[in-house]
Amino acid sequence: MNAPEGRLPRTLGLWSSVALVVGITIGSGIFRSPAGIARQAPNPLVMIGLWVAGGAITLCGALSLAEIAAALPETGGIYAYLREAWGRRAAFLFGWSELVLIRASALGGIAVVFGEYLLRSFGIDPSSHVLVARGLSAAAIVFAAAVNVRGATLGALIVGVATWAKFGALALLVLASFTLGASHGASAAHFTAPSAGHLAVGSIGLALVSVLWAYDGWADLSFASGEVKDPARNLPRAIILGTLALIAIYVLTNLAYLYVLPIEAVARSPLVAADTMMALFGRAGVVLVSFFVMISSFSSLNGSMLASPRVFYAMADDGLLFQAIAKVHPRYQTPYVAIILAAILGVA
């Protein structure tokens, strides 16, 4: 599908868009944040309630964003909505913060998790090979950038394959927990165990922040709104379907954690998924989880590299950044300068 010169073509279908929502959002949060949440809210039912509440809040945001995205399906997403609602100054401040802080640190952070878990998958301690881990992280960013310069369709395909792989991995963890857990100390009594500590209102609020962090990313599809086919129909569906899928897998995964491990053990475990799989499969389970996290991080990195540079492209197209950043590749029809800029900042 060819677009007018200097414009981005609409190449992303419904399921590619759903995969982007899920792929960008599921990073390392679901594998790491339950421990902190269990410490802040040391009651199994409260903990599960927080994941449901966080999902409900996220769904409210998704429903609101879906309506706006359908009405204004422009590249840049939230940037474009702020520009129309509050003017160019507000939009510029949002885009500038994305450029110099939010996206650069996010890409770097996701890539570091990928590099460390890639080494861990091969039985190598990343803390003893820091330069190698960082080199792999930088290489992952460069690879993701190259793929997305080649085309949004190729980038979305890789995100889609990796997304369904990690979605399947979490489904496997849930299924294994409930089918094999009983013979490895799992118990439904873990769900109704008394509170392991003092439960304060302020702590519940802090735990909810961690839950919402794990859900963060559901809105990033909006950045690529200008490349979604039939946006009035597909954007709302993709955002809502992706968010519902996230709520389901997050709640089920936390139920699996709490079924296999008592909440005290969850609170002590910075890598609760690894400990859950360790209880079920021994050392092989830990290696398997390392592989899951590596795939999850790479999918999130690739999805972010597809979506976030569109903000910089839109800003440059509006004259709020250097005009060169709005260049579209003559062959691949992608915002290649914006993608390269995002990659350089992420590597740095």
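A few notes on this one:
- Evaluation of L306 against (1) modelled with pLDDT of 90 or more; (2) closer than 19 Å to S222 by Cα (one fails), failing number: (1)
- Filtered residue count, segment 126-146, keeping only those that are touching a residue at least 60 places away in the same chain (Cβ under 8 Å), surrounded by fewer than 20 Cβ atoms within 10 Å (Cβ to Cβ) and of a type outside the set (G, A, S): 1
- Residue match in segment 185-196 (condition: modelled with pLDDT of 90 or more and buried (at least 20 other Cβ atoms within 10 Å of the Cβ)): no
- Residue check for Y257: buried (at least 24 other Cβ atoms within 10 Å of the Cβ), under 17 Å from the mean Cα position of the chain (by Cα), part of a helix (DSSP H, G or I) and aromatic (F, W, Y): no
- Sole exception among (1) within 17 Å of the chain's Cα centre (by Cα); (2) part of a helix (DSSP H, G or I) for A146, by number: (1)
- Exactly one residue among A91, A171 is farther than 17 Å from G346 by Cβ, part of a helix (DSSP H, G or I) and touching a Phe, Trp or Tyr at 6+ places or on another chain (Cβ under 6 Å), and that residue is A91.
- Verdict on F281 being open to solvent by 50 Å² or more (accessible area, probe 1.4 Å) and either modelled with pLDDT of 85 or more or closer than 16 Å to G29 by Cβ (or both): yes
- Scanning segment 113-122 for residues that are in contact with a Gly (Cβ under 8 Å, 6 or more places away or on another chain) and free of Cβ contacts under 8 Å to residues at least 40 places away in the same chain returns a single hit, G115.
- Residue check for V328: farther than 16 Å from A111 by Cα, part of a loop (DSSP other than H, G, I, E, B) and open to solvent by less than 50 Å² (accessible area, probe 1.4 Å): yes
- The one condition from (1) at pLDDT below 90; (2) touching a strand residue (DSSP E or B) at 6+ places or on another chain (Cβ under 6 Å) that N234 does not meet is (1).
- Just one of the listed residues (V293, V272, V251, V286) is at pLDDT below 90, open to solvent by 20 Å² or more (accessible area, probe 1.4 Å) and not polar (S, T, N, Q), namely V286.
- The set of residues from segment 227-248 being open to solvent by less than 10 Å² (accessible area, probe 1.4 Å) and over 14 Å from the mean Cα position of the chain (by Cα) comprises E227, V228, L235, A238.
- Going through (1) surrounded by fewer than 17 Cβ atoms within 10 Å (Cβ to Cβ); (2) of a type in the set (F, W, Y); (3) under 19 Å from the mean Cα position of the chain (by Cα) one by one, F167 falls short only on (1).
- Where a residue in segment 326-348 is in contact (Cβ under 8 Å) with a residue 24 or more places away in the chain and its partner, wherever it lies, is of a type in the set (S, T, N, Q) and part of a helix (DSSP H, G or I), with Cβ under 7 Å and at least six apart: T334/N148; I339/N148
- Evaluated against (1) at pLDDT 90 or above; (2) open to solvent by 10 Å² or more (accessible area, probe 1.4 Å); (3) over 30 Å from V266 (Cβ atoms); (4) touching a Ser or Thr at 6+ places or on another chain (Cβ under 8 Å), S16 falls short on exactly one condition, (1).
- Pair list, Cβ < 8 Å and 6+ apart or interchain, from segment 202-220 residues that are within 18 Å of V46 (Cβ to Cβ) to residues that are among the aromatic types (F, W, Y) and open to solvent by less than 10 Å² (accessible area, probe 1.4 Å): V211/W51; A214/Y250; Y215/Y250
Conditions (1) within 30 Å of R283 (Cα to Cα); (2) under 23 Å from the mean Cα position of the chain (by Cα); (3) touching a residue at least 12 places away in the same chain (Cβ under 8 Å); (4) assigned to a helix (DSSP H, G or I), marked per residue:
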residue: L45; (1), (2), (3), (4): yes, no, yes, yes
residue: W51; (1), (2), (3), (4): yes, yes, yes, yes
residue: G61; (1), (2), (3), (4): no, yes, yes, yes
residue: L65; (1), (2), (3), (4): no, yes, yes, yes
residue: S97; (1), (2), (3), (4): no, yes, no, yes
residue: G108; (1), (2), (3), (4): yes, yes, yes, yes
residue: A111; (1), (2), (3), (4): yes, yes, yes, yes
residue: I124; (1), (2), (3), (4): yes, no, no, no
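- Scan of segment 193-237 for residues that are of a type in the set (A, V, I, L, M, F, W, C) and farther than 30 Å from F312 by Cα, ordered by number: A193, A196, L199, A200, V201, I204, L206, A207, L208
- Complete set of residues in segment 315-325 that are open to solvent by 10 Å² or more (accessible area, probe 1.4 Å), in a helix (DSSP H, G or I), within 25 Å of G217 (Cα to Cα) and of a type outside the set (D, E, K, R): I325
The values are calculated or read from the model by the stated rules, or taken from the named source; none is laboratory data. What you see is a predicted model; the values in this text were computed from it and never measured. Positions of Cβ are generated from backbone atoms using ideal geometry, with glycine treated the same way; all protein chains shown enter the neighbour counts. Areas reflect the complete protein model, heavy atoms only, side chains present, ligands, DNA and RNA absent. Shrake-Rupley method; radii C 1.70, N 1.55, O 1.52, S 1.80 Å.
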